[in-house]
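A.B. asks: Okay, here's the structure, questions in a sec.
The values are calculated or read from the model by the stated rules, or taken from the named source; none is laboratory data. Small disclaimer: the values here were computed from a predicted structure and weren't measured. We place every Cβ from the backbone using ideal geometry, glycine too, and count neighbours over all the protein chains shown.
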Amino acid sequence: MAVTRTLGPLHFEDLDPKRFEDLVRQLAYDFKRWRRLEATGRAGSDDGFDARGYEIVQELPPDGESEDQPDMVEGDRLWLIQCKRERSIPPAKLSSYLADIRLADGERLHGIVFTAACDFSKRSRDMFRQRCEELGIEEWHLWGKAELEDLLFQPRNDSLLFAYFGISLTIRRRNQKSELRSKLAMKRKAHRILEDKFHGQVLLRSPEACHYPYVEDAENFKKNPLWKLYNYKGMNHAGLLFCVRRHFAYLDDEHEQWDAVLSQNDGRPHHDPWDVSPNGWQLRQEIFEFWSNLPKNNQAWFEVHGIVSFESIIEIDEIGDDFVDAPHIYVQFNGRNGPFTGYQATVECADSYLGGKIYPQDVEDQRTLFFKPEWRKDSSKDSTE
């Protein structure tokens, strides 16, 4: 299963109670058109009001004499904002909070926003609506963790998300844009340098190979090389393709079943100064004679291509050096897979005009028994050889 990057739940319960009130009040600034929004909870003894707001219903016409606006005018709607930084609020406790609201003489509560650092059940929400109706409150809103996260993840509140939790979706999008630009720039550069190198040699090289081009430990280098020559096979959506293995193969007339001579790898570049493995030309000649006598429609190549993702490429040296007069691609090597982030296998007719191509998911997928058992067996212990 593919792994995706996501944000974990926001921990509202870890905020200081006063900071939680500040956050909710700042989220409420754009909720209504306020004439005034007061942080009453910070003074203690708040009569159940952590924040009190007066919603503008009708704008006053300018009198042309003063820029000052009154604190409130007749017709403004009174709102209560209550904040509870609690992990759980059952229906009974929620009802008690509503019962503790105290209004001054002549005050009429139009709306309420009750917020908490927890999730509310359906039962709590139904009870909240019923109690607000009984109290004559015309608008009511219950903001739990889900509603608060929805508000914070809106672009207009990205500054609050960063200020309180150190997360910025805007910065993250900018980083994505920068990463995408870098990826596309590397893709264009690779295409420019390698477009005429199809089937040509390219050196994949780790930036950590400080002792290049000299091999200090031959045995260790054979198992885990930090540079290696490969034949370039082009690019696809995932990255640059390099031939890791190439074998004489058989493809049936329906282009469904196949077999391959895995004992002989024809994918190794010629004139590799670091490849000291035996050539096996006599065995190859025997296999070639058998394979070349097959009907053209059944002659095929089985190839395994290593994929170097565009993101993993650090830099490309298009000049090369006196050891390898070919482009050098600097890329991180990771254990047994070396420079590759993935692989793809194909079985394709040797004569491209005849068509016929399949993509086996693994070595034994749709494989039939056609060649000699000693030819079919994979004698290589290193999948990158």
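A.B. asks: Could you please find all residues in the range 117-164 being of a type in the set (Phe, Trp, Tyr) and over 22 Å from Tyr97 (Cβ atoms)?
C.D. replies: Kept after step one, since they are of a type in the set (Phe, Trp, Tyr), are these residues of the range 117-164: 120, 128, 140, 143, 153, 162, 164.
Within the range 117-164, Phe153, Phe162, Tyr164 meet the criteria.
A.B. asks: Being of a type in the set (Val, Ile, Thr), buried (at least 16 other Cβ atoms within 10 Å of the Cβ), touching a residue at least 60 places away in the same chain (Cβ under 8 Å) and not in a strand (DSSP E or B) is the requirement here; does Val308 meet it?
C.D. replies: On the way: of a type in the set (Val, Ile, Thr): yes; buried (at least 16 other Cβ atoms within 10 Å of the Cβ): yes; touching a residue at least 60 places away in the same chain (Cβ under 8 Å): yes; not in a strand (DSSP E or B): no.
Spelling it out, it is not the case that Val308 is of a type in the set (Val, Ile, Thr), buried (at least 16 other Cβ atoms within 10 Å of the Cβ), touching a residue at least 60 places away in the same chain (Cβ under 8 Å) and not in a strand (DSSP E or B).
A.B. asks: Kindly list, by first and then second residue, each pair from a residue in the range 358-369 that is under 11 Å from Phe302 (Cβ atoms) and assigned by TED's automatic domain parsing to the domain that holds Asp253 to a residue that is outside any loop (DSSP other than H, G, I, E, B) and basic (Lys, Arg), limited to pairs with Cβ atoms under 9 Å and residues at least 6 apart or on different chains.
C.D. replies: If the second residue must be outside any loop (DSSP other than H, G, I, E, B) and basic (Lys, Arg), the pairs left are Pro360/Arg367; Arg367/Arg376.
A.B. asks: Testing Trp140 on (1) surrounded by 16 or more Cβ atoms within 10 Å (Cβ to Cβ); (2) within 28 Å of the chain's Cα centre (by Cα), one condition comes back false. Which one is that?
C.D. replies: Trp140 satisfies every listed condition except (2).
A.B. asks: Next up: Do we find a residue being out of contact with any Asp or Glu (no Cβ under 8 Å at 6 or more places or on another chain) and either under 21 Å from Ala345 (Cβ atoms) or not assigned by TED's automatic domain parsing to the domain that holds Ile329 (or both) anywhere in the range 205-226?
C.D. replies: no
A.B. asks: While we're looking at this one, here's another question. Take the residues in the range 177-202 that are surrounded by fewer than 15 Cβ atoms within 10 Å (Cβ to Cβ) and either of a type in the set (Ser, Thr, Tyr) or farther than 18 Å from His237 by Cα (or both); name whichever of them is modelled with the lowest pLDDT.
C.D. replies: Ranking the qualifying residues of the range 177-202, first place goes to His199.
A.B. asks: Shifting gears a bit: Of all residues in the range 253-283, how many are in contact with a strand residue (DSSP E or B) (Cβ under 7 Å, 6 or more places away or on another chain), over 15 Å from Thr346 (Cβ atoms) and among the charged types (D, E, K, R)?
C.D. replies: Residues that pass the stated criteria total 1.
A.B. asks: Checking the conditions here, which among Asp76, Asp50 is more than 20 Å from Glu13 (Cα to Cα) and either of a type in the set (D, E, K, R) or modelled with pLDDT of 95 or more (or both)?
C.D. replies: Being more than 20 Å from Glu13 (Cα to Cα) and either of a type in the set (D, E, K, R) or modelled with pLDDT of 95 or more (or both) holds for just one of Asp76, Asp50, which is Asp76.
A.B. asks: Which residue pairs have Cβ atoms closer than 6 Å, lie 6 or more positions apart in sequence or on different chains, and pair a first residue in the range 321-341 that is on the phi > 0 side of the Ramachandran plot with a second residue that is at pLDDT below 90?
C.D. replies: Close Cβ pairs (under 6 Å, with a partner that is at pLDDT below 90) amount to Gly338/Thr384.
A.B. asks: Out of the residues in the range 203-222 that are part of a loop (DSSP other than H, G, I, E, B) and of a type in the set (Asp, Glu), state the one that is modelled with the highest pLDDT. Show your work before the answer.
C.D. replies: Here is the first cut: in the range 203-222, the residues part of a loop (DSSP other than H, G, I, E, B) are 206-217.
Narrowing the set further to residues that are of a type in the set (Asp, Glu) leaves 208, 216-217.
Working: Glu208: 91, Glu216: 87, Asp217: 87.
Step by step, filter the range 203-222, then rank; the result is Glu208.
A.B. asks: Considering only the range 261-272, I want to know if a residue exists there that is under 30 Å from Glu311 (Cβ atoms) and polar (S, T, N, Q). If you could, list the steps in order and put the result at the bottom.
C.D. replies: Step one: of the range 261-272, the residues under 30 Å from Glu311 (Cβ atoms) are 265, 267-269, 272.
Subsequent filtering for residues that are polar (S, T, N, Q) retains 265.
Yes: the range 261-272 contains one or more residues that are under 30 Å from Glu311 (Cβ atoms) and polar (S, T, N, Q).
A.B. asks: Take the conditions touching a residue at least 40 places away in the same chain (Cβ under 8 Å), of a type in the set (Phe, Trp, Tyr) and within 20 Å of Ile319 (Cβ to Cβ) and apply them to Phe242. Does it pass?
C.D. replies: On the way: touching a residue at least 40 places away in the same chain (Cβ under 8 Å): yes; of a type in the set (Phe, Trp, Tyr): yes; within 20 Å of Ile319 (Cβ to Cβ): yes.
Yes; evaluated as a whole, the condition is true for this residue.
A.B. asks: Here's another thing I want to ask about it. From Gln282, Gln201, which residue is assigned by TED's automatic domain parsing to the domain that holds Val331, among the polar types (S, T, N, Q) and farther than 28 Å from Arg367 by Cα? Even if it seems obvious, please write down each step before you answer.
C.D. replies: On the way: Gln282 fails: farther than 28 Å from Arg367 by Cα.
Criteria check complete, one pass: Gln201.
A.B. asks: Still on this structure, I have one more. Look through Val276, Val244 and report the one residue that is at pLDDT 90 or above, β-branched (Val, Ile, Thr) and either outside any strand (DSSP E or B) or surrounded by 19 or more Cβ atoms within 10 Å (Cβ to Cβ) (or both). Can you show your working first?
C.D. replies: Details: Val276 fails: at pLDDT 90 or above.
So the residue among Val276, Val244 that is at pLDDT 90 or above, β-branched (Val, Ile, Thr) and either outside any strand (DSSP E or B) or surrounded by 19 or more Cβ atoms within 10 Å (Cβ to Cβ) (or both) is Val244.
A.B. asks: Another question about this same structure. For the range 335-368: of the residues being small (Gly, Ala, Ser) and assigned to a loop (DSSP other than H, G, I, E, B), which is surrounded by the fewest Cβ atoms within 10 Å (Cβ to Cβ)? Before you say what the answer is, go through the steps one by one.
C.D. replies: Start the filter on the range 335-368 by keeping residues that are small (Gly, Ala, Ser), which leaves 335, 338, 342, 345, 350, 352, 355-356.
Going one step further and asking which of them are assigned to a loop (DSSP other than H, G, I, E, B), we end up with 338, 350, 355-356.
Details: Gly338: 23, Ala350: 18, Gly355: 10, Gly356: 20.
Across the range 335-368, the extreme among qualifying residues is Gly355.
A.B. asks: So, one more: Collect the residues in the range 339-366 that are at pLDDT below 90 and under 36 Å from the mean Cα position of the chain (by Cα), keeping them in residue-number order.
C.D. replies: Correct list: Gly356, Lys357, Ile358, Tyr359, Pro360, Gln361, Asp362, Val363, Glu364, Asp365, Gln366.
A.B. asks: Mind listing whichever residues of the range 325-360 are under 20 Å from Lys189 (Cα atoms) and β-branched (Val, Ile, Thr)?
C.D. replies: Initial filter on the range 325-360 (under 20 Å from Lys189 (Cα atoms)): 325-332, 339-341.
Hits for the range 325-360 are Ile329, Val331, Thr341.
A.B. asks: Which of the residues belonging to the range 311-334 are assigned to a strand (DSSP E or B) and surrounded by 16 or more Cβ atoms within 10 Å (Cβ to Cβ)? Lay out the reasoning, then the answer.
C.D. replies: Initially, the range 311-334 is screened for residues assigned to a strand (DSSP E or B), giving 313-317, 328-331.
Across the range 311-334, the qualifying residues are Ile313, Ile316, His328, Ile329, Tyr330, Val331.
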